[in-house]
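Worksheet for the structure shown next.
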Amino acid sequence: MGPFMSPFNNLLCMLLGISFTVWFTLLLVFIIVPAIFGLSFGIRGLYMKTLLKVFKWATVRMERGAKEKNHLLYKPYSLNGIIAKEPTSLEEELKEIRRNGSSRDLDEFEMSDTFYFCRRGIESIVDDEVTKRFTAEELESWNLLTRSNYNFQHISTRLTVLWGLGVVIRYGFLLPLRLTLAITGVSLLVVFTTMIGFLPNGRVKHFLSEKVHLMCYRICVRALTAIITYHHSENKPKNGGICVANHTSPIDVIILASDGCYAMVGQIHGGLMGLIQKSMVKACPHIWFERSEVKDRHLVAKRLSDHVKDKSKLPILIFPEGTCINNTSVMMFKKGSFEIASTVYPVAIKYDPRFGDAFWNSSKFGMVNYLLRMMSSWAIVCSVWYLPPMSRQEGEDAVQFANRVKAAIARQGGLVDLLWDGGLKRGKVKDTFKEEQQKLYSKILVGTSVSSWDPAVHL
């Protein structure tokens with residue numbers, strides 16, 4: 001058997017060698033080299049247009065089949081709410097309730113007032129505008145991913161065959177390709193930044209560090225088949241500034257850093273992430289904190305302030321929401337970032353969910369599981385808008401400044417502007433919220449003028 005198996009083994013090894021050679025040659029020529037120079041052959045754009053045509057055909061087939069079989073295809077779900085609400089004050093609501101009662105004056109307690117609080121409580125349970133921002137949005141069309149439409153049912157044989165072909169393409173071709181690119185990008189980042197770290201501080205080190213970071217981030221972007229459109233690049237953050245952006249996914253960092261270098265801010269980790277952080281900080285002045293230091297607000301503020309004062313250092317990239325929101329809204333910005341600098345550079349990021357859901361539901365998926373879902377999606381398509389720099393106005397405090405910047409980002413990205421704290425994703429509503437509602441009601445009864453209440457100040 002030995003003499004007969006030897007030629008077969010040789011042939012198999014030769015074929016494998018040729019396959020790997022062709023594979024890495026294609027990667028080098030069409031992906032890695034263009035990433036180094038920031039070039040594109042337009043393949044991803046053509047790929048996106050082809051996918052849109054396939055999605056449109058699949059959606060038409062599903063809708064036709066569902067209509068014939070009288071099936072419910074999409075959930076009756078709306079991010080704008082299922083209860084129609086008019087923006088009215090507490091005082092107006094109470095007057096409306098008392099209109100048909102014995103007393104219309106708001107100078108004493110009426111049992112009917114409890115109906116207002118009961119109704120608002122039930123509305124909050126039925127149509128909670130906060131927690132639904134932490135779940136993936138349902139698409140209005142199907143993108144051949146069962147994860148994006150849980151109402152998918154067998155409609156036709158051709159549609160099922162097309163879905164099966166998509167599974168083979170995504171897991172058999174795209175996923176191995178993307179894993180190879182991701183490993184290549186991260187490996188090059190660790191090796192090159194470590195080498196650059198041995199160079200003395202100066203223009204050469206800064207130049208090489210910037211080029212290496214851009215190259216590696218662009219390779220990682222291609223590992224997600226990310227198709228990014230940048231708008232108003234003349235407003236890109238300048239050195240010594242603070243860039244603030246809405247937060248949907250951990251890959252927000254890669255999306256922005258592939259178009260310009262930033263100083264990252266974060267907690268020091270262990271394992272592979274810790275190795276990457278240590279190598280990056282050798283080549284570039286990133287700001288990493290020990291776990292014990294993160295809770296020390298004064299220490300964090302001082303290090304950030306010292307960085308901003310040095311106009312030769314890269315702009316700091318911060319996500320003031322502090323958690324990932326599902327690409328539909330912008331939630332409360334923490335005021336800390338806006339106490340450090342009087343001028344910030346806002347950036348709005350909006351993903352196109354038709355090709356893949358970029359939102360990271362950290363309470364449901366771990367980081368590895370999430371990245372695998374990203375790499376097995378069709379693509380990551382998003383738009384990035386660089387807004388003009390915004391400065392704190394005279395008499396404006398950090399909270400008001402943060403809300404104004406948040407409103408501008410929401411308006412540009414077509415997102416819903418919410419005042420709620422993203423920390424409600426895991427925590428309970430603070431008692432101060434209930435106390436403020438009680439104070440408002442008490443002021444009405446004693447005849448004191450009622451001012452508007454801002455959750456951003458108290459949550």
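At least 1 residues that are touching a Ser or Thr at 6+ places or on another chain (Cβ under 9 Å) and open to solvent by 10 Å² or more (accessible area, probe 1.4 Å) in each: list the strands (runs of 3 or more DSSP E) lying fully within segment 213-285 that qualify. Steps first, answer last, please.
Working: elements: 226-231, 242-245, 263-267.
The strands (runs of 3 or more DSSP E) meeting that bar are 226-231.
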Count - residues of segment 163-174 that are touching a residue at least 40 places away in the same chain (Cβ under 8 Å) and closer than 18 Å to T25 by Cα: 1
Given (1) crowded, with 19+ Cβ neighbours inside 10 Å; (2) at pLDDT 85 or above, index of the condition S376 fails: (1)
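Suppose we filter L175, L181 for residues that are touching a Leu at 6+ places or on another chain (Cβ under 9 Å), assigned to a helix (DSSP H, G or I), crowded, with 18+ Cβ neighbours inside 10 Å and hydrophobic (A, V, I, L, M, F, W, C); which single one remains?
Just one listed residue meets the conditions, L181.
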Answer residue from segment 337-351, given it is open to solvent by 30 Å² or more (accessible area, probe 1.4 Å) and touching a helix residue (DSSP H, G or I) at 6+ places or on another chain (Cβ under 9 Å) and is farthest from D306 (Cα to Cα) among those: K350
When residues of segment 193-212 are limited to those that are open to solvent by less than 70 Å² (accessible area, probe 1.4 Å), of a type in the set (A, V, I, L, M, F, W, C) and more than 27 Å from the chain's Cα centre (by Cα), the one farthest from S258 (Cα to Cα): L199
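The values are calculated or read from the model by the stated rules, or taken from the named source; none is laboratory data. Nothing here was measured: the structure is a model prediction, and the numbers come from that model. Every residue, glycine as well, gets a Cβ built from its backbone with ideal geometry; the counts of neighbours run over all protein chains shown. To get the accessible areas, we keep the full protein, side chains included, count just its heavy atoms, and leave off ligands, DNA and RNA. Shrake-Rupley method; radii C 1.70, N 1.55, O 1.52, S 1.80 Å.
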